[in-house]
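Q: Before I ask anything, here is the structure I am working with.
Just so it is clear, none of the values below were taken in a lab; they were calculated from the coordinates. All values reported here derive from a predicted model rather than from experimental measurement. Don't worry about glycine lacking a Cβ; one is built from the backbone with ideal geometry, like all the others, and counts go over all protein chains shown.
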Amino acid sequence: MKTTNKELSPVQQLLEKKYNGGFLNRSEKIIPVVLFIMAAVSVLTTLGIVLTLIFETITFFRDVSIVEFFTSTDWYPFSNTDPSYGIWPLILGTLKITLIASLFAVPIGLAVALYLSEYAGARTRKIMKPILEVLAGVPTIVYGFFALTFVTPLLREIFPSLELFNAISPGIVVGIMIIPTIVSLSEDALSSVPESVRQGALALGSTKWETASKVIFPAALSGILASIVLGVSRAIGETMIVSIAAGSTPSASLDLTTSLQTMTSYIVQVTTGDAGFGTTIYYSIYSVGFTLFVFTLAMNLLAQFISKRFREEY
Amino acid sequence: MALTAVNSTKNNQAVQAEEQLVYNTKNLNLWYGDHHALKNINLGIKEKDVTAIIGPSGCGKSTYIKTLNRMIDLVPGVKTNGIIEYRKRDIFSKDFLVEELRTRVGMVFQKPNPFPKSIYENIAFGLKIHGIKNKQIINETVEKSLRGAALWDEVKDRIHQPAYGLSGGQQQRLCIARCLALEPDVILMDEPTSALDPVSTLKIEELIQELKEKYSIIIVTHNMQQAARISDKTAFFLNGEVVEFNATDTIFNSPADSRTDDYISGRFG
């Protein structure tokens, strides 16, 4: 202790205590370790999932020829006499849904994003953005029975030839589901184009629409494309809506009005059914899951590539 | 020139002076919400002059220049009254499309703001939105504008490269070239060199001297030496009012108002 003529003020006493206690040092050393463990857990989990998929898929291909898997257009895993595992009908089902969803969601999503970033006043944005976030928060099971009990009957009023289970109704509803993804990421990309660029275009006498469509939109293109790819990726992986409203008939036909099965809804069908552990059907869900994973992984890599390749530095 | 016209106050000369005005501002008031930012501005700006607007921060000089091409409209809650005539047409009138005004009156901003496009596309943009599709005309105009902005020799081998690869000073000259492509009548410059280094600043100042042969230039500047070097006339703004507007020589050598004297001699601002 120092002599009395150097008495410590209350603040100095506290600081003295803090630095002599050594607590700060210890906690600062522990924090990065804890954070690293957390990071490692999530990375290892991902690795574990991918490895499981790969190993079980390999097991599946002991029973089924890989050539048949990729070339046959018949998917009859439940046939007792002559089961056939050609994944094409499931891929086609997924693509049909994804295509309809994209055709529906991309124009609407981009229009909403342009409106919010370039036209809407502060108040409109304040009201519309939370509503869109609610849309993003609706459980997909709710979307699923919305498709089956509302959209399908409505469409069948207009097109009586439409079957109860079809590609169009769940396609549209998957589209509705991915609109918030496209809007929110595109809107971020549009809004991050600096105000000065907008002013530069307006100062040359361009109208608001010319500015938005010929300067701001191209400038934000990387973010917009990435948002579309991520939206599409969500549509590919969507499960509940298609399980409920698209049917469970693997179909190699291009007809959009008939029942179909997607990769995801096949997995649901098997896992909720009574396929025994170790059967070929059991392993087939891993091969389908792995194919699905390749699709979504490719989309995510594409999104990353696009946003790097076309990134604009302002 | 204009000074003698004003001093001699002969009627016909006054009328002639009026003829030569590109901008005539009469009793302009402007509010940002409740803040009275421009108070009773009266200014006549002569064609082919370089008119400098000086004054301390917050004096309204930027607000005023942005009002001249109605870029101020972008600020929410702005109210104006009074008249600004551009070539005798009221710029606030419904018959005068703001797009037409901004096509005739170019603007260069404080920070270079090229579009995230190639050098070529930056200049071709203005032509394209105004419906010019002829490739030859566009190519010629791009070259002419880049030459006009003293940038051609530096970029002629890479006009299809991104504009963001240029230095700050080059970007600012590109923004000037972008204005020139539309062959404007007036160029507004809002502190065009405040984000640039001294060498780039000097180049822009030299460029302004060349441009005044063909264009009327109104420049807001923080830098009084710059105003003294390049302008024919200078307006001194303070607290939203025009304190003094006169030939630049007069403003800097024998200002009529003591506040002008205080500002230019560095006693405040």
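Q: Based only on other Cβ atoms within 10 Å, what is the fewest-to-most ordering of B:E210, B:E143?
A: B:E210, B:E143
Q: FRET efficiency for A:Y76 and B:S167, Cβ-Cβ distance as r, R0 = 56 Å, nearest 0.05?
A: Working: r = 67 Å, r/R0 = 1.20.
Efficiency, from the Cβ-Cβ distance: 0.25.
Q: A follow-up question, please. Compute the distance in nm between two label points, each set 7 Å from the Cα along the Cα-to-Cβ direction, one at B:L202 and one at A:K18.
A: 5.1
Q: Do you know the relative contact order of chain A, to the nearest whole percent, from alpha carbon pairs under 8 angstrom that are 6+ apart? Let's see the in-between values first.
A: Working: 405 pairs, mean separation 72.4, N = 314.
Relative contact order here is 23 percent.
Q: Once every DSSP H run of n ≥ 4 in chain B is given -39500 (n - 2.57) and the sum is divided by its residues, what mean residue ellipticity at 222 nm do you get, rounded to the nearest 500 deg cm²/dmol?
A: Numbers: 12 runs with 107 residues, N = 269.
Value at 222 nm, helices only: -11000 deg cm²/dmol.
Q: May I ask for the longest run of chain A untouched by GluC sites (Glu not before Pro) that are loop-located per DSSP and have at most 10 neighbouring C-beta atoms (other than their own) within 10 Å? Walk me through the numbers before you get to the answer.
A: Numbers: sites that count: A:E7, A:E313.
Longest site-free region, per DSSP loop and neighbour criteria: A:8-312.
Q: For region A:78-223, what are the per-bin percents of Cα-Cα distances with bins 5 Å wide, up to the bin holding the maximum?
A: 2, 9, 14, 15, 14, 12, 10, 9, 6, 4, 2, 1, 1, 0, 0
Q: Over region B:2-264, what is the relative contact order in whole percent, taking alpha-carbon pairs under 8 Å and six or more residues apart? Write down the numbers at each step before the final one.
A: Details: 479 pairs, mean separation 68.5, N = 263.
For region B:2-264, the relative contact order is 26 percent.
Q: How charged is the neighbourhood of B:E205? Take every other residue with its Cβ under 12 Å from the Cβ of B:E205, and add Lys/Arg as +1 and Asp/Glu as -1. All intermediate terms of the calculation are to be shown ahead of the outcome.
A: Numbers: positive: B:R173, B:K203, B:K212, B:R229; negative: B:E206, B:E210.
That sum, taken over residues with Cβ under 12 Å, equals +2.
Q: Related question: Below 20 Å, Cα to Cα, which aspartates and glutamates can B:K94 reach? Residues fewer than 8 away in the same chain don't count.
A: Reachable aspartates and glutamates: B:D73, B:E85.
Q: Once you put a point 7 Å from the Cα of A:E157 and another 7 Å from the Cα of A:T46, both along the Cβ direction, what distance in nm separates them?
A: Each label point lies 7 Å from its Cα, and together they span 4.6 nm.
Q: Continuing with the same structure: About the Cα centre of region A:89-309, what is the dipole size in debye to 20, counting +1 per Lys and Arg Cβ and -1 per Asp and Glu Cβ, all else neutral? Spell out each step's value before the answer.
A: Numbers: 12 positive and 11 negative charges, 119 e Å.
Its charge dipole is roughly 580 debye.
Q: Moving on. Among A:R123, B:R102, B:R173, A:R156, rank each residue by its count of other Cβ atoms within 10 Å, from fewest to most, as a rough exposure measure.
A: Neighbour counts put them in this order, fewest first: A:R123, A:R156, B:R102, B:R173.
Q: Another question about this same structure. Roughly what angle does helix B:119-129 make with the longest principal axis of chain B, taking Cα atoms, 0 to 90 degrees, to the nearest 10?
A: Once rounded, the angle reads 70 degrees.
Q: Okay, next question. Suppose every Lys and Arg Cβ carries +1 and every Asp and Glu Cβ carries -1, with no other charges. What dipole size does the protein assembly as shown come out with about its Cα centre, to the nearest 20 debye?
A: Numbers: 53 positive and 54 negative charges, 205 e Å.
For the protein assembly as shown, the charge dipole is close to 980 debye.
Q: While we're here: Can you give the mean number of other chain Cβ atoms that lie within 10 Å of the Cβ atoms in peptide B:107-118? Mind showing how you got there, number by number?
A: Details: counts 5, 2, 4, 1, 2, 2, 10, 4, 11, 13, 6, 0.
Other-chain Cβ atoms within 10 Å of each residue's Cβ, averaged: 5.
Q: What helices in chain A pass both tests, a Cα length along the helix axis of 15 Å or more and a mean Kyte hydropathy of -0.5 or higher, using whole DSSP H runs? Walk me through the intermediate numbers first.
A: Working: long enough: A:10-21 (16 Å, -1.11); A:23-63 (60 Å, 1.37); A:88-114 (37 Å, 1.93); A:122-137 (23 Å, 0.21); A:168-191 (33 Å, 1.50); A:221-237 (24 Å, 1.69); A:280-309 (43 Å, 0.99).
The qualifying helices are A:23-63, A:88-114, A:122-137, A:168-191, A:221-237, A:280-309.
Q: If the reach is capped at under 25 angstrom between alpha carbons, list the lysines near B:K111, excluding any in the same chain fewer than eight residues apart.
A: A:K208, A:K214, B:K48, B:K61, B:K66, B:K128, B:K144, B:K156, B:K203, B:K212, B:K214, B:K233
Q: To continue, here is another question. What is the distance in Å between the Cα centres of region A:44-94 and region A:111-174?
A: First find each Cα centre; the distance between them is then 32 Å.
Q: With +1 assigned to the C-beta of every Lys and Arg and -1 to the C-beta of every Asp and Glu, and no other charges, what is the dipole magnitude of chain B about the Cα centre in debye, to the nearest 20?
A: Working: 33 positive and 33 negative charges, 125 e Å.
It comes to approximately 600 debye.
Q: If you don't mind, there's one more thing I want to ask. Given axes a ≥ b ≥ c from the Cα gyration tensor, I'd like to know whether chain A is rounded (a/c under 1.5), prolate (a/b larger than b/c) or oblate. Write down the numbers at each step before the final one.
A: On the way: a/c = 2.53, a/b = 1.38, b/c = 1.84.
Here chain A falls in the oblate category.
Q: How shielded is A:275-288 by partner chains, expressed as the average number of their Cβ atoms within 10 Å of its Cβ atoms? Can you show the working numbers first?
A: On the way: counts 0, 0, 0, 0, 0, 0, 0, 0, 0, 0, 0, 0, 0, 0.
Mean shielding by partner chains, rounded to a whole number: 0.
Q: Got a sec? How would A:M177, A:M38 order by Cβ neighbour count within 10 Å, fewest to most? Please report the intermediate quantities before stating the final value.
A: Working: A:M177 26, A:M38 10.
Fewest to most other Cβ atoms nearby, the residues stand as A:M38, A:M177.
Q: Follow-up question, since we're still on this one. Calculate log10 I(q)/I(0) of the protein assembly as shown for q = 0.09, 0.10, 0.11, 0.12 Å⁻¹, where I(q) comes from the Debye formula with a single equal point scatterer on each Cα and nothing for solvent.
A: -0.87, -0.94, -1.02, -1.11
Q: Taking region B:178-267 on its own, what percent of its Cα-Cα pair distances exceed 16 Å?
A: Numbers: 2263 of 4005 pairs.
The calculated P(r) of region B:178-267 puts 57 percent of pairs beyond 16 Å.
Q: In addition: Grab the beta carbon distance between B:N134 and A:I108, set R0 = 51 Å, and tell me the FRET efficiency rounded to 0.05.
A: Working: r = 37 Å, r/R0 = 0.72.
That gives a FRET efficiency of 0.90.
Q: Of A:I100, A:A298, A:S206, which is farthest towards the positive pole of chain A's charge dipole, taken about the Cα centre with +1 and -1 on the beta-carbons of Lys, Arg and Asp, Glu respectively?
A: The residue sitting most towards the positive pole is A:S206.
Q: A follow-up question, please. Once the other residues with Cβ under 15 Å from the Cβ of A:A136 are scored (Lys, Arg +1; Asp, Glu -1), what is the net sum? Intermediate values should be presented prior to the final figure.
A: On the way: positive: A:K129, A:R234; negative: A:E133, A:E187, A:D188, A:E238.
Around A:A136, the surrounding residues sum to -2.
Q: Give me the distance in nm between label points sitting 7 Å out from Cα along the Cα-to-Cβ direction at B:D34 and A:I54, one decimal.
A: Here the modelled spin labels are 6.8 nm apart.
Q: Averaged over peptide A:205-214, how many Cβ atoms belonging to another chain are found within 10 Å of each residue's Cβ?
A: Values: counts 16, 8, 4, 1, 0, 5, 1, 0, 0, 6.
The per-residue average across the peptide is 4.
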